[in-house]
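A quick write-up on the structure given underneath.
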Amino acid sequence: MWRRSPPRQRANTGGTWRATGGVRNHAVVARHAIGLDIGGTKVAGAVVAEDGTVVAELTEPTPESSDSATMTALLLRMVETLRSKKSEVTSIGVGAAGTVEWPSGRILWAPNNAYRRWNIRAELESATGLPAVVDNDANVAGLAEALLGDTLYREMVLITVGTGIGSGIVLGGHIYRGPHGFGAELGHIVVDPNGPRCGCGKRGCLEALASGTALTRTGREAAAADPDGLIARLARERGVAVTGQIVTEAAQQGDPRAVELFQTLARWLGVGIASVTTIFELDAVVIGGGVVDTGDLLLTPAREAAAEFAYAPQVRPLPPVLPSTFGSDAGKIGAALLALRHTDHGKVVA
Ligand SMILES: [Zn+2]
C-alpha cells in the first residue's frame, strides 16, 4: 500500500536533449510550457504539456561560475533549443535552488550557486517575449507531485532529501509561499538545539541531521573510529573521502554500522515528518531527493519514527509517507506546470 505505481508517462532522463515519442492525441490542443530546474550541479529543461507529458528535454551541467550573467546566457540557449522542438510554447517556468521572491521572480540567494539578487524573470521575459514565472525548486517539485502523481493531493508536503533538505507545501492545491515567497523551509526547523551545526549557521536543523550532508559527517566519524570497517574500506578502494554515497553503498551491502547510520538519519527525518504532520492535516507526505532512492532503507525507519512522534494518532491518523513519483524530473515538470497555471494570453497571472 505504501508504494506508488510508476507515473502515467515518463520521459527518459539524463544525457543531452532527446525527444519523447508517443505524445497523446488531445481533443483540445494542449498548451505547452518550458520548465527549467536550476540545481547546484545541473540545469534540467523540458517542454511539458498541461497533463505533465514531457515532449522534449535537455540537461546541461551548472557552469562552474554560476553568476547571474552566465546562468542567464545558459537558460536562453536552452530555451532556444527547446522552443525549436516545440514552437507553440506559451510560457516559461523556472524552479531554482535558493530563496526566490514571488511573484517578482527575483532569486535573492542560493546556498550552492553564485547568483545573488538575480532578476531572472525580467531577463527571460525581455529576451524571449514569453511570460515567465520563477519559484523555489522544491515548491515546483511539490506542485508536480501533488497534481500530476498517480493520486491527486490537495494537501501535501514534499520533503526532498539530498545534499540538503528542501520542501514544498501544497495546501488546497496551491503552493504555500507566504507573503513574499519565503515560506516553507522545513529543512531548517530545529529538531535538536544541541545538535550539529547546520550550513545555515544554526544548530540542530533537520538538514543538519537528516540530509546527505549529515550522512557524510556521521560516515566520516564512523570511518575514523573503525578504519577496517566497510565504510572506510570502500572509500579507500575508490581513493575518495567518505561521502553519504559511500555510506549508502555500505548500507546496501548490509554493513551493520552503515545501516545504523541510515536508521539514525531516517529517525530524524521521521521526527521532522511528525512535526510537519502535527501542524498540517495532510493527504500524504512525499519524500523526494537522491537519498530516497534507497527505498525502504530510509522509508521504513522514517515511518516508524513519524508514527512514534505523531500527535494523537488514535484519532488523527498519520498520512502515508511515500516515495516521489517523478523523482528528479519533478522540478522541470512542476516549473512548466506552474507557468501554465499562472499565465494567460501571454501575461503572468500571479
Ligand atoms: Zn539550518
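The values are calculated or read from the model by the stated rules, or taken from the named source; none is laboratory data. Just so you know, these numbers come straight off a predicted model, no measurement behind them. Because the Cβ atoms are built from the backbone with ideal geometry, glycine has one as well, and the counts that use them run over all protein chains shown.
Within the range 56-87, track down each residue that is assigned to a strand (DSSP E or B) and either in contact with an Asp or Glu (Cβ under 8 Å, 6 or more places away or on another chain) or surrounded by fewer than 19 Cβ atoms within 10 Å (Cβ to Cβ) (or both). Before you say what the answer is, go through the steps one by one.
Here is the first cut: in the range 56-87, the ones assigned to a strand (DSSP E or B) are 56-61.
Matches in the range 56-87: Glu60, Pro61.
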Going through (1) surrounded by fewer than 19 Cβ atoms within 10 Å (Cβ to Cβ); (2) within 12 Å of the ligand (Cβ to nearest atom); (3) under 20 Å from Leu298 (Cβ atoms) one by one, Lys202 fails only at (3)
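From the list Ser91, Ser68, exactly one residue is of a type in the set (S, T, N, Q) and in contact with a Pro (Cβ under 8 Å, 6 or more places away or on another chain). Which is it? Before the answer, list the steps.
On the way: Ser68 fails: in contact with a Pro (Cβ under 8 Å, 6 or more places away or on another chain).
Exactly one of Ser91, Ser68 is of a type in the set (S, T, N, Q) and in contact with a Pro (Cβ under 8 Å, 6 or more places away or on another chain), namely Ser91.
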Check: Looking at Gly168, is it under 16 Å from Ile38 (Cβ atoms), part of a loop (DSSP other than H, G, I, E, B), more than 16 Å from the ligand (Cβ to nearest atom) and out of contact with any Cys (no Cβ under 9 Å at 6 or more places or on another chain)?
Finding: no
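Does Ser104 qualify as being farther than 18 Å from Ala132 by Cβ, in contact (Cβ under 8 Å) with a residue 12 or more places away in the chain and surrounded by fewer than 18 Cβ atoms within 10 Å (Cβ to Cβ)?
Working: farther than 18 Å from Ala132 by Cβ: no; in contact (Cβ under 8 Å) with a residue 12 or more places away in the chain: yes; surrounded by fewer than 18 Cβ atoms within 10 Å (Cβ to Cβ): yes.
Criteria not met by Ser104.
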Listed by first then second residue, the pairs whose first member lies in the range 286-299 and is under 18 Å from Leu148 (Cβ atoms) and at pLDDT 95 or above, whose partner is among the polar types (S, T, N, Q) and buried (at least 17 other Cβ atoms within 10 Å of the Cβ), with beta carbons under 8 Å and at least 6 positions apart or on separate chains, are Val286/Ser324; Val286/Thr325; Ile287/Thr160; Ile287/Ser324
Here the residues within the range 142-158 that are assigned by TED's automatic domain parsing to the domain that holds Leu282 and crowded, with 24+ Cβ neighbours inside 10 Å are Met156, Val157, Leu158
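Yes/no per residue for (1) in the same structural domain as Met156 (by TED's automatic domain parsing); (2) free of Cβ contacts under 8 Å to residues at least 40 places away in the same chain; (3) among the hydrophobic types (A, V, I, L, M, F, W, C); (4) surrounded by 22 or more Cβ atoms within 10 Å (Cβ to Cβ):
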position: Tyr311; (1), (2), (3), (4): yes, yes, no, no
position: Gln314; (1), (2), (3), (4): yes, yes, no, no
position: Pro317; (1), (2), (3), (4): yes, yes, no, no
position: Pro320; (1), (2), (3), (4): yes, no, no, no
position: Ala330; (1), (2), (3), (4): no, no, yes, yes
position: Ala335; (1), (2), (3), (4): no, no, yes, yes
position: His342; (1), (2), (3), (4): no, no, no, no
position: Lys347; (1), (2), (3), (4): no, no, no, no
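Looking at Gly219, is it within 14 Å of Leu261 (Cβ to Cβ), more than 16 Å from the ligand (Cβ to nearest atom) and buried (at least 24 other Cβ atoms within 10 Å of the Cβ)?
Details: within 14 Å of Leu261 (Cβ to Cβ): yes; more than 16 Å from the ligand (Cβ to nearest atom): yes; buried (at least 24 other Cβ atoms within 10 Å of the Cβ): yes.
For Gly219, the condition - within 14 Å of Leu261 (Cβ to Cβ), more than 16 Å from the ligand (Cβ to nearest atom) and buried (at least 24 other Cβ atoms within 10 Å of the Cβ) - is met.
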With the first residue restricted to the range 247-263 and required to be surrounded by 17 or more Cβ atoms within 10 Å (Cβ to Cβ) and of a type in the set (Lys, Arg), and the second required to be part of a helix (DSSP H, G or I) and modelled with pLDDT of 95 or more, Cβ contacts under 6 Å at 6 or more apart or on different chains are Arg257/Ala222
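Tell me, yes or no, whether the range 265-272 has at least one residue that is closer than 27 Å to Ala97 by Cβ, assigned to a loop (DSSP other than H, G, I, E, B), modelled with pLDDT of 95 or more and assigned by TED's automatic domain parsing to the domain that holds Ile165. Even if it seems obvious, please write down each step before you answer.
The initial filter retains those residues of the range 265-272 that are closer than 27 Å to Ala97 by Cβ, namely 265-272.
Next cut, assigned to a loop (DSSP other than H, G, I, E, B) only: none.
Among the residues of the range 265-272, not one is closer than 27 Å to Ala97 by Cβ, assigned to a loop (DSSP other than H, G, I, E, B), modelled with pLDDT of 95 or more and assigned by TED's automatic domain parsing to the domain that holds Ile165, which makes the answer no.
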Per the list (1) surrounded by fewer than 19 Cβ atoms within 10 Å (Cβ to Cβ); (2) outside any helix (DSSP H, G or I); (3) in contact with a helix residue (DSSP H, G or I) (Cβ under 8 Å, 6 or more places away or on another chain); (4) in contact (Cβ under 8 Å) with a residue 12 or more places away in the chain, residue check on Glu304 breaks on (2)
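Select from the range 107-130 the residues that are polar (S, T, N, Q) and under 24 Å from Gly142 (Cβ atoms) and write down the one among them that is surrounded by the most Cβ atoms within 10 Å (Cβ to Cβ). Give the steps one after another, and end with the answer.
Within the range 107-130, the subset polar (S, T, N, Q) is 112-113, 119, 126, 128.
So of that shortlist, the ones also under 24 Å from Gly142 (Cβ atoms) come out as 112-113.
On the way: Asn112: 14, Asn113: 22.
Of everything passing the filter in the range 107-130, Asn113 is surrounded by the most Cβ atoms within 10 Å (Cβ to Cβ).
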Quick count over the range 177-194, residues being surrounded by 14 or more Cβ atoms within 10 Å (Cβ to Cβ), among the small types (Gly, Ala, Ser) and more than 10 Å from the ligand (Cβ to nearest atom), is 3
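Mind telling me which of the residues Ala114, Ala184 ends up being at pLDDT below 90, among the hydrophobic types (A, V, I, L, M, F, W, C), touching a Ser or Thr at 6+ places or on another chain (Cβ under 8 Å) and under 23 Å from Ala302 (Cβ atoms)?
Working: Ala114 fails: under 23 Å from Ala302 (Cβ atoms).
On inspection, the qualifying residue turns out to be Ala184.
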